[in-house]
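Worksheet: one structure, shown below.
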């Protein structure tokens, strides 16, 4: 039996709790993991000023996968300058490990606006405004100028779009919807649109659609059933993913995979929710988003049988996940194996 080496970044708040829950569930499925803990996040930064150095990053690169819980200080804690953890830890891992796909599946739970809907967002994960192009002039004066550019390369867009079509081709509803703002962002939008049209020729069985991002925000609420795979850029994908989490039952269910499909670096799996310091250590955290993220990890590792089983079990448990508490959810999931 294969044993997978997994780096574990529990992080802050409820992060360590939900990550531990996910790993317990994976092992209960019979998948063997050799885990190594990495002390990274807000608590580490506040303790000794450490974010992420090159030796640690190179160590993370050698693992089969990385599981992350949550990163961030408690709400109202202003001791960490904005961007310190986001750019210095999360984005640094995405860029250095070339985690160019952010894949987030959504399934509407009973009673949600998107009840029964099954779709996913494929988000380009290393370019766009998050690439960091820009700067300030005359900083702190009344004449200050701030610029923030969006980086869109043919290489980056095409590999994201191809991944979206590959995903769509394996789904029951074979459809890719490009979401952008081509009527205003005419350069980046035109590049994305042309690449989608060109790649679509290679996938004649996949339907192609387009929505402006503002229209997509309406459709996700009013007509979520129109979507199967949404493909979009980094910023739009970030925003739409939170909205999608809300309409499918709550962000506490939302999972994500930061993927390097070329496998030149370890892919990273994390729940979308935050650190929720207010309930940390109380046993109240819903671990289903972390467990779903572990399901995506199993899929990436090639453990398809275990991933399929866990996916169905998570769907069965979702309606009760937010009220049971951490331990009860873990037991409810394991009882269904």
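A few remarks follow.
- Every condition in (1) crowded, with 17+ Cβ neighbours inside 10 Å; (2) over 23 Å from the mean Cα position of the chain (by Cα) is met by residue 177 except one, and the failing one is (2).
- Of the set (1) farther than 22 Å from residue 112 by Cα; (2) not in a helix (DSSP H, G or I), all apply to residue 306 but (2).
- Filter result for the condition that a residue is modelled with pLDDT of 95 or more, farther than 29 Å from residue 148 by Cα and over 21 Å from the mean Cα position of the chain (by Cα), over 31, 18, 25: 31
- Any chance residue 249 is surrounded by 24 or more Cβ atoms within 10 Å (Cβ to Cβ), modelled with pLDDT under 95 and farther than 24 Å from residue 60 by Cβ: yes
- Some residue of segment 8-29 being surrounded by fewer than 23 Cβ atoms within 10 Å (Cβ to Cβ), part of a loop (DSSP other than H, G, I, E, B) and in contact with a helix residue (DSSP H, G or I) (Cβ under 9 Å, 6 or more places away or on another chain): yes
- Selection count where residues are assigned to a loop (DSSP other than H, G, I, E, B) and under 26 Å from residue 257 (Cβ atoms), scope segment 51-81: 9
- Qualifying residue in segment 96-107 (condition: over 17 Å from the mean Cα position of the chain (by Cα), over 18 Å from residue 180 (Cα atoms) and either without any contact (Cβ under 8 Å) to a residue 24 or more places away in the chain or not in a helix (DSSP H, G or I) (or both)): no
The values are calculated or read from the model by the stated rules, or taken from the named source; none is laboratory data. Remember, it's a predicted structure, so these values are computed and weren't measured experimentally. So basically every Cβ, Gly included, is an ideal-geometry build from the backbone, and we count neighbours across all protein chains shown.
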